[in-house]
Amino acid sequence: MAGSERYAPRTDNPVQRTAEAPVSTFSVDVDTGSYSNVRRMLRQGVRPPADAVRAEEFINYFRYDHPAPAGRDVPFRITTELAPSPWARGRQLLMIGLRGYDVPRTTLPAANLVFLIDTSGSMGAPDKLPLLQKAFAELVQQLRPQDRVSLVAYAGSAGLVLPPTPGDRKAEILSALGNLQAGGSTHGSAGLQLAYETARQAHVQGGINRVILATDGDFNVGLVDRAALETYVADQRRSGIALSTLGFGRGNYHDAMAERLADVGDGQHAYIDTLQEARKVLVEELSSTLLTIANDVKVQVEFDPARVAEYRLIGYENRLLREEDFANDRVDAGDIGAGHEVTALYEIVPVGSADAWLSPRRYGAPAPSTAPATAGEIARVSLRYRLPGETRSRLVDTAVRSADLRPQAGESLRFAAAVAAYADALRGGTHLGDWGWDDIRREVAAARGDDPWGLRGELLGLVDLARAHADIAPTAPAVTAQPSGAGRPNR
């Protein structure tokens, strides 16, 4: 049940009239926890609460084979694709894809990893501590002699279970991991403090320094105020120690806390519902999980009001930034790891389309004419990022032209659109026109393409489960977590 689980409230991005708001700015997001958490609920016969569904995390759960950068001078490459919207004849979808350069696992810098593990009484269920132990065991097998691993556990109090230990002493690490038992309350803040202290003691200059927090729920002893925890984690981030979070289990899962702490900690948030998911996150995506290649990555899209009448950004609701935040290097944003892909979708209405969302205004100003210098452009996509260790951001951009419009979407955009539609349908399907579950399933099947890990094929079954639960109210409402940091731009 999702009865006492906590999710941050979210409202879908509104449609924007381009003449009034031509610029859209947001932070990148490489988290995937929402997708696997919702998958867990569907498999357990529970209709997911709408706030558990974050469209950008559904989209970014999958890879789309965006082209990689030619070198490392610019750590990622921007690509775009423009095609008709599948659920609205007079609209279009714009896909923006980023892909970071990859690093062979054998050439990763030395890693200083602190496993911070919740061993409170609620962690005794099979899908919690036992799955967590198996998940971390998968990561331990990837460690090298130059890596260091520490293990901190927390329940009623926090303790150092394993001091910094070389990665080739796997039997010692696995033994310490296997001896963990669940019991006590959740003194998470003490665990965090001890984990960061341990990470500082074993700090690797020029290497990977990261705390990996694994938990099923909230911190209910010690420093429990969410805003204070965020401030503490942000301070540690500035000292060069990142924080990633892994969610486990059901019932008291605090999704809002886990996602936000990873955001401010310059890490990723994932939810581990199966051993296969653990292998995906901690083995197959190890380089991108551990090694950051670009910090504070922000996207800004400026649409030409003479060519684009309206637009909406799909997802990224808690990553929106103000226009002025884009060039402000003091505003924190998301990070990209080695080999990471980031995908964003805009649905747009060309000027003159009969399929607009918004009614014409009686006293609206006429659309401006297109300047000669931008003739043919419908939008410009700009990115700002910082290289690790640098303080000033760098800028790259690319134009999207009306001539780029394809008569039909390519396989990657078709699949991304189907995933976006699946997320929207789970939230009520208010943006899908006449589309229904049959249309979503058809597009997933038609565009699944190469599927070596079976993840795209698995989505077909999840669509069927979601359709079966679509008319069933949740057995108990999830607790809605209140947002913190009012007045501060989200990442």
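The values are calculated or read from the model by the stated rules, or taken from the named source; none is laboratory data. For clarity, every value in this text was computed on a predicted model and none was experimentally measured. Positions of Cβ are backbone-derived with ideal geometry, glycine not excepted, and every protein chain shown enters the neighbour counts. With ligands, DNA and RNA removed, areas are computed over all heavy atoms of the protein, side chains included. Shrake-Rupley method; radii C 1.70, N 1.55, O 1.52, S 1.80 Å.
On the basis of being in contact with a helix residue (DSSP H, G or I) (Cβ under 7 Å, 6 or more places away or on another chain) and within 25 Å of Pro104 (Cβ to Cβ), does Leu290 make the cut? In short, no.
Within the stretch 235-245, restricting attention to residues that are open to solvent by 10 Å² or more (accessible area, probe 1.4 Å) and touching a residue at least 40 places away in the same chain (Cβ under 8 Å), the residue that is nearest to Leu192 (Cα to Cα) is Gln236.
When Leu113, Leu143, Leu139 are checked against the criterion of being part of a loop (DSSP other than H, G, I, E, B) and either aliphatic (A, V, I, L, M) or surrounded by 23 or more Cβ atoms within 10 Å (Cβ to Cβ) (or both), a single residue qualifies: Leu143.
Taking Asp102, is it farther than 30 Å from Trp435 by Cβ and buried (at least 23 other Cβ atoms within 10 Å of the Cβ)? Judged against the criteria, Asp102 is not a match.
If you scan the stretch 148-158, which residues turn out to be assigned to a strand (DSSP E or B) and modelled with pLDDT under 90? Tyr154, Ala158 - these are the residues of the stretch 148-158 that are assigned to a strand (DSSP E or B) and modelled with pLDDT under 90. Taking the criterion of being in contact with a strand residue (DSSP E or B) (Cβ under 8 Å, 6 or more places away or on another chain) and open to solvent by less than 40 Å² (accessible area, probe 1.4 Å), the residues of the stretch 404-418 that qualify are Ala409, Gly410, Ser412, Leu413, Ala416, Ala417.
Given the criteria open to solvent by 10 Å² or more (accessible area, probe 1.4 Å), within 30 Å of Gly207 (Cβ to Cβ), touching a strand residue (DSSP E or B) at 6+ places or on another chain (Cβ under 9 Å) and modelled with pLDDT of 95 or more, does Asp266 qualify? Give the steps one after another, and end with the answer.
Values: open to solvent by 10 Å² or more (accessible area, probe 1.4 Å): yes; within 30 Å of Gly207 (Cβ to Cβ): yes; touching a strand residue (DSSP E or B) at 6+ places or on another chain (Cβ under 9 Å): yes; modelled with pLDDT of 95 or more: no.
Judged against the criteria, Asp266 is not a match.
A search for C-beta distances below 8 Å between a residue of the stretch 57-73 that is free of Cβ contacts under 8 Å to residues at least 40 places away in the same chain and part of a loop (DSSP other than H, G, I, E, B) and any residue that is open to solvent by 10 Å² or more (accessible area, probe 1.4 Å) and β-branched (Val, Ile, Thr), counting only pairs 6+ apart in sequence or on different chains, returns Pro67/Thr79. Scanning the stretch 419-451 for residues that are within 22 Å of the chain's Cα centre (by Cα), open to solvent by 40 Å² or more (accessible area, probe 1.4 Å) and more than 18 Å from Thr343 (Cα to Cα) yields Arg427, Gly428. Is it the case that some residue within the stretch 417-434 is modelled with pLDDT of 90 or more, under 24 Å from Leu313 (Cα atoms), among the acidic types (Asp, Glu) and in a helix (DSSP H, G or I)? Among the residues of the stretch 417-434, at least one is modelled with pLDDT of 90 or more, under 24 Å from Leu313 (Cα atoms), among the acidic types (Asp, Glu) and in a helix (DSSP H, G or I), which makes the answer yes.
Looking only at residues in the stretch 163-204 that are open to solvent by less than 10 Å² (accessible area, probe 1.4 Å) and hydrophobic (A, V, I, L, M, F, W, C), the one that is modelled with the lowest pLDDT is Leu192. Scanning the stretch 327-346 for residues that are hydrophobic (A, V, I, L, M, F, W, C) and touching a strand residue (DSSP E or B) at 6+ places or on another chain (Cβ under 6 Å) turns up Ala333, Ile336, Ala338, Val342, Ala344, Leu345.
Can you confirm whether the stretch 166-185 contains a residue that is closer than 30 Å to Glu390 by Cα, touching a residue at least 40 places away in the same chain (Cβ under 8 Å), assigned to a strand (DSSP E or B) and not aliphatic (A, V, I, L, M)? No, the conditions are met nowhere in the stretch 166-185. Among the residues of the stretch 117-136, those that are in a loop (DSSP other than H, G, I, E, B) and open to solvent by less than 30 Å² (accessible area, probe 1.4 Å) comprise Thr119, Ser120, Lys128. Contact map, the stretch 124-142: residues that are closer than 21 Å to Arg169 by Cβ and of a type in the set (Gly, Ala, Ser) paired with residues that are part of a loop (DSSP other than H, G, I, E, B) and modelled with pLDDT of 95 or more, Cβ distance under 8 Å, separation 6+ or inter-chain. Pairs shown: Ala135/Ile272.
The residues listed here are Ala110, Ala83, Ala155; of these, the one that is without any contact (Cβ under 8 Å) to a residue 40 or more places away in the chain and among the aliphatic types (A, V, I, L, M) is Ala155. Looking across the stretch 396-413, the residues that are farther than 18 Å from Phe303 by Cα and hydrophobic (A, V, I, L, M, F, W, C) come down to Ala409, Leu413.
Selection of the stretch 453-464 for residues being open to solvent by less than 60 Å² (accessible area, probe 1.4 Å) and either in a helix (DSSP H, G or I) or in contact (Cβ under 8 Å) with a residue 60 or more places away in the chain (or both) yields Leu455, Arg456, Gly457, Glu458, Leu459, Leu460, Gly461, Leu462, Val463, Asp464. In this entry, Val299 passes the filter for residues that are in contact (Cβ under 8 Å) with a residue 24 or more places away in the chain, buried (at least 24 other Cβ atoms within 10 Å of the Cβ) and under 21 Å from Glu56 (Cα atoms).
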